[in-house]
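The values are calculated or read from the model by the stated rules, or taken from the named source; none is laboratory data. These figures come from a predicted structure and were not determined experimentally. Neighbour counts are summed over all protein chains in view; Cβ atoms, including those assigned to glycine, are modelled from backbone coordinates with ideal geometry. Note: accessible area is taken over every heavy atom of the protein model, side chains too, but ligands, DNA and RNA are not part of it. Shrake-Rupley method; radii C 1.70, N 1.55, O 1.52, S 1.80 Å.
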Amino acid sequence: MRISFVGLPGSGKTTVGRQLARRLRLPFVDSDQAIEARLGCSIREFFDREGEARFRDIEEEVIETLTQDPACVISTGGGAVLRQGNRAHLHGRSHVVYLKSTPEELFRRLRHDVSRPLLQVADPLARMRELFTIRDPLYRETAHFTLETGRPSVATLVNMVVMQLELSGHLPTC
């Protein structure tokens, strides 16, 4: 079984994914870390040097590989759904969870994070709203189910994912 998380930057994909993997005793893979390992530098450095299009090419290659790995939990980068190939591989080869957060909520979480290249702009909240408008339909297209991340704790979100997996027959009920 492969479980993948999609959502905007800061929605909790890595945090929830890591906890879910621990709970299910599955390996956890962060696609951004896999990309950085392949590049030999940070995504930000590569982004600045080579541009977004080249980064998306590498990201697509990494996601294509990760979605063929044995059972694992995958956290994807926020823009992974921009490529049709990624959406198809994620949806067809894993059970996809969309962690949906409002742009305002994400702005509160990320306003001091300088490691995210797409948010290094004059008005990061406006940028987050723009990203949400573009990406939300793509996340929904890719996902098997959606969880609102507004108030629940990480543990509650993990429990909700487990419950959805049980209800859909992907996990045996306890």
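In this structure, is Thr102 in contact with a helix residue (DSSP H, G or I) (Cβ under 8 Å, 6 or more places away or on another chain), polar (S, T, N, Q) and under 21 Å from Arg18 (Cβ atoms)?
Criteria not met by Thr102.
Return the total of residues in the stretch 14-41 being open to solvent by 20 Å² or more (accessible area, probe 1.4 Å) and assigned to a helix (DSSP H, G or I).
Number satisfying all stated conditions: 14.
Please name all residue pairs, on different chains or six or more residues apart, with Cβ atoms under 6 Å, provided the first residue is in the stretch 1-30 and is hydroxyl-bearing (Ser, Thr, Tyr) and the second residue is open to solvent by less than 10 Å² (accessible area, probe 1.4 Å) and part of a helix (DSSP H, G or I).
Ser4/Leu90
Quick check: is even one residue across the stretch 1-11 touching a Phe, Trp or Tyr at 6+ places or on another chain (Cβ under 9 Å), assigned to a helix (DSSP H, G or I) and either among the hydrophobic types (A, V, I, L, M, F, W, C) or open to solvent by 20 Å² or more (accessible area, probe 1.4 Å) (or both)?
No, there is no match, as no residue in the stretch 1-11 is touching a Phe, Trp or Tyr at 6+ places or on another chain (Cβ under 9 Å), assigned to a helix (DSSP H, G or I) and either among the hydrophobic types (A, V, I, L, M, F, W, C) or open to solvent by 20 Å² or more (accessible area, probe 1.4 Å) (or both).
Given (1) of a type in the set (Asp, Glu); (2) out of contact with any strand residue (DSSP E or B) (no Cβ under 8 Å at 6 or more places or on another chain); (3) open to solvent by less than 50 Å² (accessible area, probe 1.4 Å); (4) more than 23 Å from Glu36 (Cα to Cα), identify the lone condition not met by Glu141.
(3)
Which of (1) out of contact with any Asp or Glu (no Cβ under 6 Å at 6 or more places or on another chain); (2) surrounded by 14 or more Cβ atoms within 10 Å (Cβ to Cβ); (3) modelled with pLDDT of 95 or more is the odd one out, the single condition Arg54 does not satisfy?
Only one criterion is unmet by Arg54, namely (2).
Restricting to the stretch 101-132, count the residues that are modelled with pLDDT of 85 or more, of a type outside the set (A, V, I, L, M, F, W, C) and under 20 Å from Phe47 (Cβ atoms).
4
Restricting attention to the stretch 118-130, does a residue exist that is buried (at least 19 other Cβ atoms within 10 Å of the Cβ), more than 17 Å from Gly17 (Cβ to Cβ) and in contact (Cβ under 8 Å) with a residue 24 or more places away in the chain?
The answer is yes; a qualifying residue exists.
Taking the residues in the stretch 53-88 that are among the acidic types (Asp, Glu) and touching a Gly at 6+ places or on another chain (Cβ under 9 Å) as candidates, determine which candidate is nearest to Gly10 (Cα to Cα).
Only one residue tops the list, namely Glu59.
Out of the residues in the stretch 64-81 that are over 11 Å from the mean Cα position of the chain (by Cα) and among the hydrophobic types (A, V, I, L, M, F, W, C), state the one that is most open to solvent (accessible area, probe 1.4 Å).
Looking at the filtered set, the residue picked out is Ala71.
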